[in-house]
Amino acid sequence: MAIVRVNRHDGIGMTSERTRLRMVDRLREKGIKDVDVLTAMSLVPRHVFVSEALSIRAYEDTALPIGFGQTISHPYSVARMLEVLRNGQDLQRVLEVGCGCGYQAVVLSKLAREVYSIERIASLLGQARRTVRSLRIANVKVQHGDGHLGIPDIAPFDGIILAAAGVEAPPALLAQLAVGGRLVMPRGVGESQQMVLIERQADAYHEQVLEMVHFVPLLPGVA
Ligand code: SAH
C-alpha cells in the first residue's frame, strides 16, 4: 500500500487551492462584490496562518484560535471590511491595528502599496513576522505596540482598519487619517458591536454605521 505524506504546505486536500477557491465562491455568494478583494483572498493561503492541527479547517468561514486567547478573523469579516475600506479604489498606505497571525495584513498586501500592522502581543507578532517572511511579502511591516497610538512617524494613512473592537475610534488614529481617507472598525462591547466607517473630509469626519459584527476586544497597552 502506498504511503501518502500530507504536508500542510503541499496544497492537497483541505488546504488546496481548490478548497480556497470554494471559500472565495462562498464569499461571493454571501454578497462580497469587490473583485479585487475576492482575487486577493484567492491568492493568500489562509492555512499557513494557523496551527497544523487546525489547517484542515482554514477555509471554513469561521474564526479559529491562534493562541493567547486570540483568533484569526472570519474570512467573511476580512473580505467585508476590506471591501468597505477600499471602496473600489487602490490603497496607498494602510494601517492595520491587531495584526494577530498576519492573515489580513497579507491579504491587504495585495490591495495596498504599503501595509503597516501593529500587534500588542509580542509572541503573536513574532509568529506573524515569520509567516509574512516565509511568504516573501515585502510591503507589509509589522510592529509591536499599542494600536491606539497608531504610527505618527508614518502617518498619514489613506486607510486604517481595526481587527479588534473598541468603544470609540481612538483619537490618535483619527488624527493620522489622511483627508479623503477611510477608517473601518468594529465598535462596541461584547455581543453588541457594529462595523463603522469613518471618512475624513476637509473639515469634518463623516460616520456611517454598518452591519453587526463580532470581534475580540481592543485592549490597552502591550503584552
Ligand atoms: N488581523 C488578524 C485578526 C487578529 S484578532 C487576522 O487577520 O485574523 C485581533 C488582534 O488584535 C489580536 O491579536 C489582539 O491581540 C490585537 N489587539 C487587541 N488590542 C490591540 C491594541 N490595542 N493594539 C494592537 N493590537 C491589539
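The values are calculated or read from the model by the stated rules, or taken from the named source; none is laboratory data. What you see is a predicted model, and the numbers here were worked out from it, not measured in a lab. Don't worry about glycine lacking a Cβ; one is built from the backbone with ideal geometry, like all the others, and counts go over all protein chains shown.
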**Request:** Would you mind stating whether Ile118 is modelled with pLDDT of 95 or more, of a type outside the set (Gly, Ala, Ser) and near the ligand (Cβ under 10 Å from one of its atoms)?
**Result:** yes
**Asked** Which residue out of Ala155, Ala128 is more than 8 Å from the ligand (Cβ to nearest atom), crowded, with 19+ Cβ neighbours inside 10 Å and not in a strand (DSSP E or B)?
**Response** Ala128
**Request:** Could you tell me which numbered condition Thr15 fails, if it satisfies all but one of (1) surrounded by 19 or more Cβ atoms within 10 Å (Cβ to Cβ); (2) within 16 Å of the ligand (Cβ to nearest atom)?
**Result:** (2)
**Asked** What about Ser117, is it surrounded by fewer than 20 Cβ atoms within 10 Å (Cβ to Cβ), at negative phi and not in a loop (DSSP other than H, G, I, E, B)?
**Response** no
**Asked** Does Val94 meet the test of being at pLDDT 95 or above, closer than 19 Å to Leu21 by Cα, of a type outside the set (D, E, K, R) and buried (at least 23 other Cβ atoms within 10 Å of the Cβ)?
**Response** no
**Asked** Out of all the residues in the stretch 137-152, is one or more over 22 Å from Ala79 (Cα atoms), surrounded by fewer than 21 Cβ atoms within 10 Å (Cβ to Cβ) and touching a His at 6+ places or on another chain (Cβ under 9 Å)?
**Response** no
**Prompt:** Residues of the stretch 152-169 being more than 28 Å from Pro45 (Cα to Cα) and either among the aliphatic types (A, V, I, L, M) or in contact (Cβ under 8 Å) with a residue 40 or more places away in the chain (or both), which ones?
**Reply:** Ile154, Ala155, Pro156, Gly166, Val167, Ala169
**Asked** If a residue has to be of a type outside the set (Asp, Glu) and assigned to a loop (DSSP other than H, G, I, E, B) to count, how many in the stretch 39-65 make the cut?
**Response** 8
**Message:** Can you go through Val179, Val142, Val222, Val196 and tell me which one is within 11 Å of the ligand (Cβ to nearest atom), in a strand (DSSP E or B) and of a type outside the set (S, T, N, Q)?
**Reply:** Val142
**Complete:** Only one of (1) surrounded by 15 or more Cβ atoms within 10 Å (Cβ to Cβ); (2) more than 14 Å from the ligand (Cβ to nearest atom) does not apply to Met212, and that is (1)
**Prompt:** Which residue pairs have Cβ atoms closer than 8 Å, lie 6 or more positions apart in sequence or on different chains, and pair a first residue in the stretch 208-221 that is aromatic (Phe, Trp, Tyr) with a second residue that is within 12 Å of the ligand (Cβ to nearest atom) and not in a strand (DSSP E or B)?
**Reply:** Phe215/Ser73; Phe215/Ser77; Phe215/Ala163; Phe215/Ala164
